[in-house]
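Notes for the one structure printed next.
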Amino acid sequence: MTQLPTSTEKKLGLVIDLDTCVGCHACVVSCKGWNTENYGAPLSDQNAYGADPTGTFLNRVHSFEVQPERGAAQTIHFPKSCLHCEDAPCVTVCPTGASYKRVEDGIVLVNETDCIGCGLCAWACPYGAREMDQKEGVMKKCTLCVDRIYNENLPEEDRQPACVRTCPAGARHFGDLGDETSDVSKLVAERGGIDLMPEQGTKPVNKYLPPRPKDEAAIDVLAPFLEPVAEEATGFLGWLDRTLEKL
Amino acid sequence: MNQPKLNLSPKVSDEVRKTTCYMCACRCGINVHMKDGKVAYIEGNRDHPVNQGVLCAKGSAGIMQHNAPSRLRAPLKRVGERGSGEFEEISWDEAYDIAAGWLKPIRETAPEKLAFFTGRDQSQSFTSMWAQAFGTPNYAAHGGFCSVNMAAAGIYTMGGAFWEFGQPDWDRTKMFMLFGVAEDHDSNPIKMGLGKLKKRGAKVVGVNPIRSGYNAVADEWVGINPGTDGLFILAMVHELFKAGKIDLNYLAMFTNAPVLVNGDEKSEDFGLLMRDKDNKLMVIDRATGKPAAFDKKGVKPDLAGSVRDAGWTHKTVFQHMAEKYLDPQYAPENVAEKTGIAAETIKRLAAELADVAFNQAIELDIEWTDFRGETHSKMTGRPVSFHSMRGISAHANGFQTCRALHLLQIILGSVEVPGGFRFKPPYPKPPEAHPKPHCGVKPGQPLDGPHLGFVHGPDDLALKEDGSPARIDKAFTWDNPMSAHGLMHMVISNAHAGDPYKIDTLFMYMANMSWNSSMNTRGVIDMLTDKDENGDYVIPRIIYSDAYSSEMVAYADLILPDTTYLERHDCISLLDRPICEAEAAADAIRWPVVEPDRDVKGFQSALCDLGAKLGLPGFVNEDGSQKYADYGDYITNHERRPGVGPLMGFRGNGDETGRGAPNPNQLDRYIENGGFAMAHIAEDHQFYKPWNAGYQDWAVKIGIYDAPQPYVFNLWSEPMRRFQLAAEGHGTRQPPDHLRERIKTKMDPLPIWYDANEAENKADEYPITALTQRPMAMYHSWGTQNAWLRQIHGRNPLYVSQKVWDANGFAEGDWARVTSPHGEITVPVALQAALNDNTVWTWNAIGKRKGAWALEEDAPEATKGFLLNHLIHELLPPKGDGLRWSNSDPITGQAAWFDLKVRVEKAPAPSDGESQPNLKPISSPVGTGPENLAWKVGK
């Protein structure tokens, strides 16, 4: 089976803000576009115009409803792609060494020339973050846009994953989560970022920022809201005249 | 560790071509990466004012749209019966010959027999020019069935509305309320703005029966009963008046609140605003206690002023407002049941707005001079802001509801101030600065002026001498006097009924009228195919232009195939629907980043050809030759006024902005500049635009208008009062008796709320409101019926609330029969807990007709997908008076889509397993798409 590096120089990953994600799928399609044209085989689509179309996507947004103990139900949008785990079971399970975690930055990749499409890695991943490309018969997964983030043919500001560059609400952040001083690490600290399913022991690098509490009053609900100056028009005009005098 | 060696710097593309997206109406800038002359990848343009680099799901899927198998390939002539979808491909020459053969005789005898309606057109200043040159009064785009209430209420009230007209001050606002916005209009800027607010921790309140999309991330969700937004808003207005939390100085200086209203009940000017001998609005100057012109230097308009004359008291608008809004009918306790919002919540939200606007006011140390000549040392901001769209406007009370929202913004002093709502050039622009509607028809001659515009009273209605409607859609009539965008949803129905008259040729563009763009889809299909006693079609001829094999194609006799958005010229023009920012004027182009590989032509270029063939003025030179070779030629060389053309940038020798001679290299300069041009507004001109002398001068300089036109906001709408006066019996142009009472009650010059045809729609028998929303990743079919996006939104169940779910004992996989006074559908249901109890909804326009859009007949869109349109009639249920009452706002004619009332009952699964009604397939002129895709153009 395949070995994980004992440590990586960086821990590159995503921080996804669930308080801000509006569920627009911009990241999903931008990812599909970039990774169809770039790293490895194109992301194919079966039954593209027919019943039950199924294509390969490296990133998907799921929506859930949450019913808090008090108050109205809430809708949460939850984007999910490979979390580039430190203890990535998809790598250790790989029989050919095709799945690997990069020593330089911790990105988990599939070397498509060595992939035999056995699907063990998808089975081992507790997050369901890998998808077998039906046409090519190789395993596809988020590459963290490894062909963008160091790409000298791109302007420096564009050297980030396609999903991050395109996110209209700014809900996706990219950086080195191994560096406590990085913007993403600070954001995780400030907002109480969490691991997805920590009990799985995979030590995911990607972090999620939880939604802030909702449906709470911004002012003291026990205080009188607005003190009336008048209950009806005549009294109001008296107040108006006095107030205009002061202006 | 044997890591493979990766090429970390692969070549991204051969070339980047920068143009404008058209996957929805947002008009973001895009970088189209080309490889081997083909489109390889599309991303947002970082420099572009609209999207600043980001791009939504639709925009990124543009590559699939550009290559969609549903693209039409050549002009088509119908060979089977209408609706069969049987066509033969013909040449453009033959297509033009057919079209001219139909249109030329009409123009020479009765130009009104052409009805030209252009749907989701982004070139209305051009298509309207064509229609005007032709001479028909029957022209409009799709605004009447979209959001005319929003646009018209904004312009009549304050000189601009939301979206293209203005935006919140995203960088400074501290509390933001979103009313009736699903997930669209305007797509990326709202998401970017919400992202900014979230980053700063500003409060977002979503008012919407459905908690999805933007409402899902709102800090507070107000799950209002549909159609009651106006009542909720006026209850907050009531609270703010009662507490005196009103920006009195702002109202006195910048609105018509201090203007005197004629109180002489006997006068024919009763209820109109009083004017001095120079025809200027009259206020009482608090300094002198005497009447004065509103714009006199140094005047202190008195909100509490009044004059007594000949036994009558003329009070200010503001005093009328206080009387109206302090009335207990608007007290939170009295609206709670109707709106479904607890009185405590209404009071608290009013208090939060007041707290942010007045206790957390912001000040910018920027000096500015107002139109009265007074210089102010600071700009005071009320950092509360609002945005709204179809959720509040697509009701029969939508116009007044939109006005109510503007009233709320204005009494808080939050329009055109830091932290509030800001106009985008060419707005602000008062109603008087817009044209009035024209309908003067003369055979063989152009129309006597622009079709659409803003009426100011009964004299401006588009009526014939006998008082009958001049337009086929009955826009600008007593039925809906202020129908600034026309009523596209009534055109086919009226043409079929011959009411007000019969037409000969229906010419449409980008309008899926036999499917999701019409109310009463099944009925409209029948109207389009109906024959008279002679066996001739009741609507004799139909020409249609579309880029794709949409449902409407089958119902036309002649198809002019349009290009995709990457194959065409367009201008996103200040003369049209602009894309400016609050701090800059901006416009943009589309250009053919790839040439079409089919025999298709941009619709506007086809109109240049057809216009020349018909000899239309403006489309031919003096010698009769064709004036514009194509749309690109028009964009470059047309001048609307001397020196002012479709594009503001790079005019003259290339360095003039706004005004300047046509520049033959203008399009190249746009391309070099990333597809757009910008003209920034100086810092001291960026706020208070309607009253800021510096802004007004700048607007004249760049050609937005020809003389400064400062104005005050119209809290009291005189045009509305003029219609009301007529209904009360004043004047010579009188409404028909059956509309008199409606005009009297609905056209109140101050914003009011009335229920949205609940009795007419039989709300007692049909207690649930049924709505549609657009998902963020799927807009109109034109932009988004493609292989990638249909995997995200390929299904549209009917979402029902927990209450409806439990009441019917629904379980997963169940079906429901949904019945309205007009019809019934049987559809799959799904539970949504975060939903108003009495509301059901589905995604708009996911359902497709079998045979359309190059889909297989077993595609879920065509089997399980459905339209609510089958339940909505373009007319209200008959009242027994023999009249056809349109299902529209009585003021503007806006299609009242969201007044739909239904009953929901559990039903057995249909025997064919498909949503009902299940219309028979139409033949496809393009076949179906490939089974599998693996799209990669590079090596």
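Each reported figure results from applying straightforward, stated rules to the coordinates on display, with no laboratory input. Given the structure is predicted, the values throughout are model-derived calculations rather than measurements. Don't worry about glycine lacking a Cβ; one is built from the backbone with ideal geometry, like all the others, and counts go over all protein chains shown.
Shape call for chain B from the C-alpha gyration tensor, a ≥ b ≥ c root eigenvalues: rounded (a/c under 1.5), prolate (a/b greater than b/c) or oblate?
Since a/c stays below 1.5, the shape of chain B is classed as rounded.
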Original post:
Using modelled backbone amide H atoms (1.01 Å from N, in-plane), which distant-in-sequence or interchain residues come within less than 5 Å of A:VAL138's amide H?
Top reply: A:ASP133
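What net charge is computed for the residues neighbouring B:ALA763, neighbours being all others with C-beta under 12 Å from the C-beta of B:ALA763, Lys and Arg scored +1, Asp and Glu -1?
Details: positive: B:LYS338, B:LYS762, B:LYS901, B:ARG903; negative: B:ASP755, B:GLU758, B:GLU760, B:ASP764, B:GLU765, B:ASP899.
Around B:ALA763, the surrounding residues sum to -2.
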Subject >> If the convex hull is drawn through the Cα atoms of the stretch B:768-907, its volume per residue in Å³ >> reply: 139
Subject >> Hydrodynamic radius of the protein assembly as shown per Kirkwood, over alpha carbon pairs, in Å >> reply: 31.2
**OP:** For chain A, set up a Gaussian network in which alpha carbons nearer than 10 Å are linked by springs, and say which option among A:SER63, A:SER81, A:SER99 fluctuates the most.
**Re:** A:SER63
**OP:** Let me know the Rg and Dmax you get for the stretch B:847-939 when you use only its Cα atoms, in Å.
**Re:** 19.5, 70
Original post:
Averaged over B:853-864, how many beta carbons belonging to a partner chain fall within 10 Å of each residue's beta carbon?
Top reply: 3
Original post:
For the stretch B:540-657, what is the percent of antiparallel DSSP beta bridges, rounded to the nearest 5?
Top reply: 60
Subject >> ³J(HN,Hα), Karplus 6.51/-1.76/1.60, whole Hz, each residue of the stretch A:43-51, x for Gly, Pro >> reply: 7, 8, 10, 9, 6, 4, 10, x, 6
Subject >> Modelled FRET efficiency - R0 30 Å, A:ASP195 with A:LYS135, Cβ distances, 0.05 increments >> reply: 0.35
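With an 8 Å Cα cut-off and a minimum separation of 6 or more residues, compute the relative contact order for the stretch B:166-423 in percent.
27
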Original post:
When the Debye formula is applied to the Cα atoms of the stretch B:539-603, each taken as the same point scatterer, what base-10 log of I(q)/I(0) results at q = 0.20, 0.21, 0.29 Å⁻¹?
Top reply: -0.85, -0.88, -1.13
**OP:** Can you tell me the relative contact order of chain B? Whole percent, Cα pairs under 8 Å, sequence separation 6 or more.
**Re:** 18
Original post:
Could you give the semi-axes, largest first, of the ellipsoid that matches the stretch B:157-314, computed as the square roots of 5 times the alpha carbon gyration tensor eigenvalues and rounded to whole Å?
Top reply: 40, 18, 15
Original post:
Applying the Karplus parametrisation 6.51 cos²θ - 1.76 cosθ + 1.60 with θ = phi - 60° to the phi angles of the stretch B:677-682, what ³J(HN,Hα) value in whole Hz is obtained for each residue in order, glycine and proline being reported as x?
Top reply: 9, 9, 10, 7, 9, 4
**OP:** Sort out for me the Cα centre separation of the stretch B:201-223 from the stretch B:1-18, rounded to whole Å.
**Re:** 41
Subject >> Stokes-Einstein diffusion coefficient of the stretch A:12-209, Kirkwood radius over Cα pairs, 25 °C, 0.890 mPa s, in µm²/s >> reply: 140
Subject >> Reciprocal mean inverse distance between Cα atoms of the stretch B:423-533 - Kirkwood radius, Å >> reply: 15.7
Original post:
Sorted from fewest to most neighbouring beta carbons within 10 Å, what does the list A:ILE194, B:ILE190 look like?
Top reply: A:ILE194, B:ILE190
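Using the count of nearby Cβ atoms within 10 Å as a rough guide to exposure, how do B:ILE743, B:ILE846 rank from fewest to most?
Taking fewest neighbouring Cβ atoms as first place, the list is B:ILE743, B:ILE846.
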**OP:** Give me the net charge of B:PRO821's neighbourhood, meaning all other residues with Cβ under 14 Å from the Cβ of B:PRO821; Lys, Arg count +1, Asp, Glu -1.
**Re:** -3
Original post:
Measuring from centroid to centroid over Cα atoms, what is the spacing of the stretch B:32-88 and the stretch A:122-160 in Å?
Top reply: 26
Subject >> Peptide-level mean, for B:318-327, of C-beta atoms on other protein chains within 10 Å >> reply: 4
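Using packing as a proxy for protection, rank A:16-27, B:86-97 so that the peptide with the highest average count of other Cβ atoms within 10 Å comes first.
Order by mean packing, descending: A:16-27, B:86-97.
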Subject >> √(5λ) per eigenvalue of the Cα gyration tensor, the stretch A:57-138, largest first, Å >> reply: 32, 15, 11
Subject >> All lysines inside 23 Å of B:LYS531 as judged from Cα atoms, apart from same-chain residues fewer than 8 positions distant >> reply: B:LYS77, B:LYS113, B:LYS502, B:LYS920
Subject >> Cα-based Rg and Dmax for the stretch B:246-334, where Dmax is the largest Cα-Cα distance (Å) >> reply: 13.8, 46
**OP:** May I ask what percent, to the nearest 5, of DSSP beta bridges between residues of the protein assembly as shown are antiparallel?
**Re:** 70
Subject >> Rounded Å value of the spacing that divides the Cα centres of the stretch B:237-276 and the stretch B:471-489 >> reply: 30
**OP:** Tell me what chain B gives for mean residue ellipticity at 222 nm when only DSSP H runs of n ≥ 4 count, each as -39,500 (n - 2.57), the sum divided by the residue total, rounded to 500 deg cm²/dmol.
**Re:** -7000 deg cm²/dmol
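Once you list every other residue whose beta carbon is under 11 Å from the beta carbon of B:ASP858, what net charge do they have if Lys and Arg are +1 and Asp and Glu are -1?
With Lys, Arg at +1 and Asp, Glu at -1, the net is -3.
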Subject >> Amide proton proximity set for B:ARG795, modelled H, under 5 Å, gap of 5+ >> reply: none
Subject >> Cα principal axis extents for the stretch B:171-231, largest first, Å >> reply: 31, 20, 18
Subject >> the stretch B:199-308: relative contact order as a whole-number percent, Cα under 8 Å and 6+ apart >> reply: 16
Original post:
Hey, fewest Cβ within 10 Å first, where do A:ARG102, B:ARG849, B:ARG308, B:ARG275 land in order?
Top reply: B:ARG308, B:ARG275, A:ARG102, B:ARG849
**OP:** Based on the mean of other Cβ atoms within 10 Å per residue, sort peptides B:669-682, A:138-151 so the most packed one is first.
**Re:** A:138-151, B:669-682
**OP:** Using only Cα atoms, figure out Rg for the stretch B:166-423 and give it as a multiple of 2.2 N^0.38 Å.
**Re:** 1.07
**OP:** List, in order, the whole-Hz ³J(HN,Hα) value for each residue of the stretch A:135-147 obtained from phi through the Karplus relation with A = 6.51, B = -1.76, C = 1.60 and θ = phi - 60°; use x for Gly and Pro.
**Re:** 7, 7, x, 10, 7, 10, 7, 4, 9, 6, 6, 4, 8
